[in-house]
Amino acid sequence: MGECKLDHSKEDVQKKLAEQAPFLSEERVGQFQRMLEGELSQERLNELFHLLKKYDLASPEERLAREQQMDRLFG
């Protein structure tokens, strides 16, 4: 994932989650939703957004790498 200089709001992350939810497990969607219920730093919001961005278009290898990042984040 490339670096992005834009800051993303909680609403941006929620919209992106809604777009990508069909490509994620129900458990994973729940993890994102629970995290979004709390207070998050701008850095964390950006990280969540970029884990979701174009997830549906990612190669199997890229998806695996993102899933591993999600496991660390939600673990």
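The values are calculated or read from the model by the stated rules, or taken from the named source; none is laboratory data. Model, not experiment: these values are computed from the prediction. Ideal geometry is used to build each Cβ from the backbone, glycine not excepted, and the neighbour counts take in all protein chains shown. The area values use the complete protein model at the heavy-atom level, side chains included, leaving out ligands, DNA and RNA. Shrake-Rupley method; radii C 1.70, N 1.55, O 1.52, S 1.80 Å.
Structure values in brief
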item: The chain, relative contact order in percent, only Cα pairs under 8 angstrom and at least six apart counted; result: 42 percent
item: Glu61 paired with Lys5, simple spin-label distance in nm, labels 7 Å along Cα-to-beta-carbon; result: 2.9 nm
item: Scattering curve values for the chain, log₁₀ I(q)/I(0), Debye with Cα scatterers, q = 0.12, 0.22, 0.26 Å⁻¹; result: -0.28, -1.04, -1.51
item: Arg34-Arg72 pseudo-label distance in nm [points 7 Å out on the Cα-to-Cβ vector]; result: 2.0 nm
item: Packing rank of 59-72, 16-29, where each peptide gets the mean count of other beta carbons within 10 Å, highest leading; result: 16-29, 59-72
item: Residues of the chain: accessible area per residue with a 1.4 Å probe, Å²; result: 66 Å²
item: Local electrostatic count at Glu62 - Lys and Arg +1, Asp and Glu -1, tallied over other residues with Cβ under 12 Å; result: +1
item: CD proxy at 222 nm, helix term only [per DSSP H run n ≥ 4: -39500 (n - 2.57); per residue of the chain; nearest 500]; result: -20500 deg cm²/dmol
item: With every protein chain in place, the chain: carbon and sulfur % of accessible area (1.4 Å); result: 47 percent
